[in-house]
Amino acid sequence: MLIRERLAHKRPVFSFEFFPPKTEKGEAVLWRSLEQLAPLSPDFVSVTYGAGGSTRTRTLDIVARIKRELGIEPMAHLTCVGATRDDLARTIDQLGDREICNILALRGDPPKGEAAFVAAEGGLRHASELVAFIRERGPFCIGAACYPEMHPEADDSSSDLKWLKHKVDAGVDFLISQLFFDNAAFHDFSRRALEAGITVPILAGVMPVTNFEQIQRFTQLCGATIPAALRQRLQGTEGDPQEVFWTGVSYAAHQCRALLTPPVGDPFATPRPGVPGIHFYTLNKSPATRAIFEILRLAHVAV
């Protein structure tokens, strides 16, 4: 199933993101989470790709196993980091051979210890080049990333949108946003993207906070902001893991409800229609996402 076809016939869609574990224990946690989330009937799940292709084989194996054993449509992440065109061509062909037809095309972050991205000799420099490269190799559905609060390396929001439009024009079918906690920022970005001629669906990336220190590191890296109200609530937990968990879950559930069906008088409310879908960053754990779905169902929000 091509994700673009699902988006053409179903709104909203729901998806989960996982990363390839490095240990047997981590792999057991991943599969337990997948099995626990499978009953929620996600429209697709994505699996990340380590810096420098360090988890390339694991990514391929996991997406193939998800499709084979769980019957859930998988999407493989693919990056330009440390890969030549021949390397990328082999990986894309291997995905096709395993009947994996959805790819999230990313430039990728520099490997750990390196400050800036440097293309491999004979490799690609930009996600837009990767999108075009994938498009040439087969009838894949291609997703790409966007940043509601601007890419950390962008000079300004206008140039950020210009390059995003260039990437979409290279052959992107849909976009998944970086995590955000301020719905107003996402809606403003979506409006400006549409005005810039970007008409593909934009899925909202949501990450429930389960670890305050961890989310502070993530937001510093990706350029997202933690609203003052959420920060104060998290600080008020005094580091109690259970309180942090429920604070993060309740905030994310409220955020998702507002994104899907903005109610009048809600602090997250906007006159815009609901988003085409929500992509949950799970960090390979299921409890937070499962709790959010239960809250949304109790609130009679379609999930």
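The values are calculated or read from the model by the stated rules, or taken from the named source; none is laboratory data. Keep in mind that what you see is a predicted model, and the values were worked out from it rather than measured. Don't worry about glycine lacking a Cβ; one is built from the backbone with ideal geometry, like all the others, and counts go over all protein chains shown. With ligands, DNA and RNA removed, areas are computed over all heavy atoms of the protein, side chains included. Shrake-Rupley method; radii C 1.70, N 1.55, O 1.52, S 1.80 Å.
Listed values, structure above:
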item	result
Residues located in the stretch 88-117, provided they are at pLDDT 80 or above, more than 25 Å from residue 68 (Cβ to Cβ) and either surrounded by fewer than 19 Cβ atoms within 10 Å (Cβ to Cβ) or among the polar types (S, T, N, Q) (or both)	109, 117
Where a residue in the stretch 136-155 is under 20 Å from residue 203 (Cα atoms) and its partner, wherever it lies, is part of a loop (DSSP other than H, G, I, E, B) and open to solvent by 50 Å² or more (accessible area, probe 1.4 Å), with Cβ under 7 Å and at least six apart	149/225
All helices (runs of 4 or more DSSP H) inside the stretch 135-242 with 3 or more residues being at pLDDT 95 or above and open to solvent by less than 10 Å² (accessible area, probe 1.4 Å)	183-195
Any chance residue 130 is touching a Leu at 6+ places or on another chain (Cβ under 9 Å), surrounded by 14 or more Cβ atoms within 10 Å (Cβ to Cβ), closer than 26 Å to residue 259 by Cα and of a type in the set (A, V, I, L, M, F, W, C)	no
Residue match in the stretch 2-22 (condition: open to solvent by less than 40 Å² (accessible area, probe 1.4 Å), aromatic (Phe, Trp, Tyr) and over 18 Å from the mean Cα position of the chain (by Cα))	no
Where a residue in the stretch 248-266 is more than 14 Å from residue 233 (Cα to Cα) and at pLDDT 90 or above and its partner, wherever it lies, is surrounded by fewer than 21 Cβ atoms within 10 Å (Cβ to Cβ) and basic (Lys, Arg), with Cβ under 9 Å and at least six apart	none
